[in-house]
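Colleague: First the structure, then my questions, so here it is.
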Amino acid sequence: MKAAILIQRWYRRYMARLEMRRRYTWNIFQSIEYAGEQDQLQLSSFFSFMLDNFTPLNDNEPDLISQLLDPVVDPWLERETCYQLIPVPESYCGPRISFPLSVSHTNLLLTAFKERQTLHARFVLQLLCETKKLLKQMPNVIHLSTSYAKEITICGDLHGRLDDLLLIFYKNGLPSADTPYVFNGDFVDRGKQSMEVVILLFAYLLLYPNHMHLNRGNHEDHIMNLRYGFTKEVMQKYKTHGREILQLFQDVFSFLPVATVIDAKVLVVHGGISDQTDLDFLSSIERCKVKSALRLPRRSLEQLDVSRSCGHIHRPRSTDRVRSTDRPRSCRSRRTPSHRKRHRVFSRQCSASSSSSSSSSSSSSSSLCSPRTPACISPQPCLSSPGAALSGDVLQVPYLDSLSSLSPPSPPQYEREWKQIVDILWSDPKPQDGCSPNTFRGGGCYFGPDVTRQLLLSHGLQLLIRSHECKQEGYELCHGGHVITIFSASNYYEEGSNRGAYVKLGRELVPRFYQYQVSHCTRKLTLTQRVRAAEGSALRALREKLFSYRSELMAGFLQHDQNNTGCISVSEWAQVLEAALRLDLPWRTLRPHLARLTPEGSVEYESCFKYMGPGISIPQVIPHLAETLVRYRSDLEIIFNIIDKDHSGLISVEEFRHTWRLFSAHLGVDLDDGAIDDLARSIDFNKDGSIDFTEFLEAFRVVHRLDKDQQHV
């Protein structure tokens, strides 16, 4: 009996430690994911600023940023039969489809995609044109009834995971009159087969328009697609007509409905709601106007009585902001007198965060972060950080050197419409009452149980089903069971990291959940091996984050190490990491994986970076350039993709110089033309006058030398 009790205790402790590792691994993945989304929102705010305050970099072409944010639609695409001008060669051995679609066509697509075949560009454009025509006729909010089918299946995020979609169809049945579906957004990005996923969904939508329904997600957005992979995937698979396909996708995404109501009792939206969500108002707006929820509506300063408000303008001090004198000469010289007098871009940040966790619902609206500034290491709060508390009656005006606050007038109609869309696509639930800015993601709101009750009561609803968040079991209930989160992409972060799920609703509207996990090798691994694999991947991503913030971290460490001993206490080490990275992680628990302890119990803080470095060494034209490039690697890739129009991966040295002039204003890196040319020449390895940007990005990938040493051993 004693032996049995000892074994039982040991096993419980072992499982508890395993569960702890699983949870902090999950926290690392999720925190880094949300930080990336916040970076994307802040980069789009920077784009908006550049669009309104800087003239074209090249006198012979339109502004590069304008091409991204206000693209001119190719007149060729406006013709409904544009695809007919694209010939299909006899050598093409992929699937061939015609319209109207039939079951045999969708079966052909399924078989072809299982065999890794690619649909020809002509058929893709024709499919998108037909989908656009159908979506134009649909309302913003789709109303369904279970009286025509036994059950309706609701699926969450797929994110380009074709295997998950095929498994859902295998387990639950193909879309049909007897098996209706609602796919709740985020069909693309992150996964490697987004194109195949969205083509199948659109094909079934055309085949069964009354039984296949698609809600828009926050990743059905051309600016999000630049960072998270869909743009790159399309251009790689369709090198000849990729740009036309992307432009048509942008239109189709903007026509997707934003909500579905089942039996007038269940609301299905991608993200969530806010205390200002109004389904009646949402039904009346022109959703196609919001081609990107990340594109902030503009408002002119002339609408404000600036002279009356000047006395109330407050400019927070932040040494991390770009001062006007630090801007590159090329940017300063291009600003017109009218630009110096006023700034025309505004982002009204959702505030009204509750003063306590139990505060009642307060008036709140969408939030999008202003251009990101590096974190403040000092203990004083940085007023320009996304997490700073802001008054609900403050208009945030993103200057390059500061944030100025003005009392706003009542928002115009188009801004109210934009906020409704942003809240629907970006919001997340929280356990506390109230509605506050979603500062963790950078957009939308956190809505509490009281906000949920208020919306359900005002519209006679019983249940809110949403997606937008990865859950370890594929689904989660909150707000007393009135909010369901459903997520359908299994292995989202890492092989074995999470299950996928879908939910079915019958006439009694009682949700039934079905879980699954696509697996190629997971079943061969034990639970411990699966946790270890996911943990290793998460820790590598976290170490990369540490390296990219090395300068700020070292400055913070040295503030606590006045005698230059190389050691600080564990609490000081954790405090510096959280202040710089703002990831809200259990740093004390993670310390054994990130830094060494001395025999006295202090942290050797330089050991955080001992086994990490950039892919190659280049001449240091400015201090800490490698860490800067590693940190903003994704942002740089987006801007370079705008310049590299044919997505060949090659850009000229002159284009490289123009890019750095743009981005140095965003980063606050004071580089003159000579330093930029030195950097360009140092990475032009074959000296042909062009830069292979793919190799450039790889050069600034963080190398984990510790992993290599362990593999060698």
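The values are calculated or read from the model by the stated rules, or taken from the named source; none is laboratory data. Quick caveat, the model's predicted, so the values are computed rather than measured. Please note: Cβ atoms are built from the backbone with ideal geometry, for glycine as well, and neighbour counts cover all protein chains shown. Side chains included, ligands, DNA and RNA excluded: accessible areas come from the protein's heavy atoms. Shrake-Rupley method; radii C 1.70, N 1.55, O 1.52, S 1.80 Å.
Colleague: Among residues other than His459 whose Cβ falls under 11 Å from its Cβ, what is the net charge (Lys/Arg +1, Asp/Glu -1)?
Modeller: Details: positive: Lys265; negative: Asp278, Asp280.
Spelling it out: positives minus negatives among the neighbours equals -1.
Colleague: Ok, one more. With a point put 7 Å past each Cα toward its Cβ, work out how far Thr526 is from Arg17 in nm, to one decimal.
Modeller: Going from the Thr526 label point to the Arg17 one covers 1.3 nm.
Colleague: Work out how much length Leu597 to His560 would gain on full extension: take 0.36 nm times their residue separation and subtract the Cα-Cα distance, in nm to one decimal.
Modeller: Details: separation 37, 0.36 × 37 = 13.32 nm, distance 1.62 nm.
Here the segment from Leu597 to His560 would lengthen by 11.7 nm.
Colleague: Please find the FRET efficiency linking Arg588 to Ser104, where r is the Cβ-Cβ separation and R0 is fixed at 60 Å, and quote it to the nearest 0.05.
Modeller: Values: r = 60 Å, r/R0 = 1.00.
According to the calculation, E is roughly 0.50.
Colleague: Quick check: pseudo-label points 7 Å beyond the Cα along Cα→Cβ at Ser690 and Lys114, how many nm apart are they?
Modeller: About 4.1 nm separates the two model spin labels.
Colleague: How would you classify the stretch 135-204 from its alpha-carbon gyration tensor, with a ≥ b ≥ c the square roots of the eigenvalues: rounded for a/c under 1.5, else prolate if a/b is greater than b/c, otherwise oblate? Before the final figure, lay out each step's value.
Modeller: On the way: a/c = 2.18, a/b = 1.35, b/c = 1.61.
Oblate.
Colleague: Further, regarding this structure: Sort 601-607, 242-248 by packing, meaning the average of other beta carbons within 10 Å per residue, with the highest value first.
Modeller: On the way: 601-607: 17.0, 242-248: 19.9.
Top of the packing list down: 242-248, 601-607.
Colleague: When the accessible area of the stretch 490-612 is split by element with a 1.4 Å probe, what percent falls to carbon and sulfur? Working shown, then result.
Modeller: Values: 2650 of 5800 Å².
Of all accessible area on the stretch 490-612, carbon and sulfur atoms account for 46 percent.
Colleague: Take the alpha carbon gyration tensor of the stretch 416-460, find the square roots of its eigenvalues, order them as a ≥ b ≥ c, and report rounded if a/c is under 1.5; if not, report prolate when a/b exceeds b/c, else oblate. Please list the in-between numbers first.
Modeller: Working: a/c = 2.67, a/b = 1.22, b/c = 2.20.
Since a/c reaches 1.5 but b/c is at least a/b, the shape of the stretch 416-460 is classed as oblate.
Colleague: Let me ask something else about it. Could you work out how much longer the chain between Ser607 and Asp263 gets when fully extended? Use 0.36 nm per residue separation minus the Cα distance between them, nm to one decimal. Could the numbers behind the result be given before it?
Modeller: Details: separation 344, 0.36 × 344 = 123.84 nm, distance 5.89 nm.
Taking Ser607 through Asp263 to full extension adds about 117.9 nm, to one decimal.
Colleague: Now for a different question. Taking 0.36 nm per residue of sequence separation and subtracting the Cα-Cα distance, how much length would be gained by fully extending the chain between Ile5 and Gln432, in nm to one decimal? Mind dumping the intermediate values first?
Modeller: Working: separation 427, 0.36 × 427 = 153.72 nm, distance 4.06 nm.
In short, 149.7 nm is gained.
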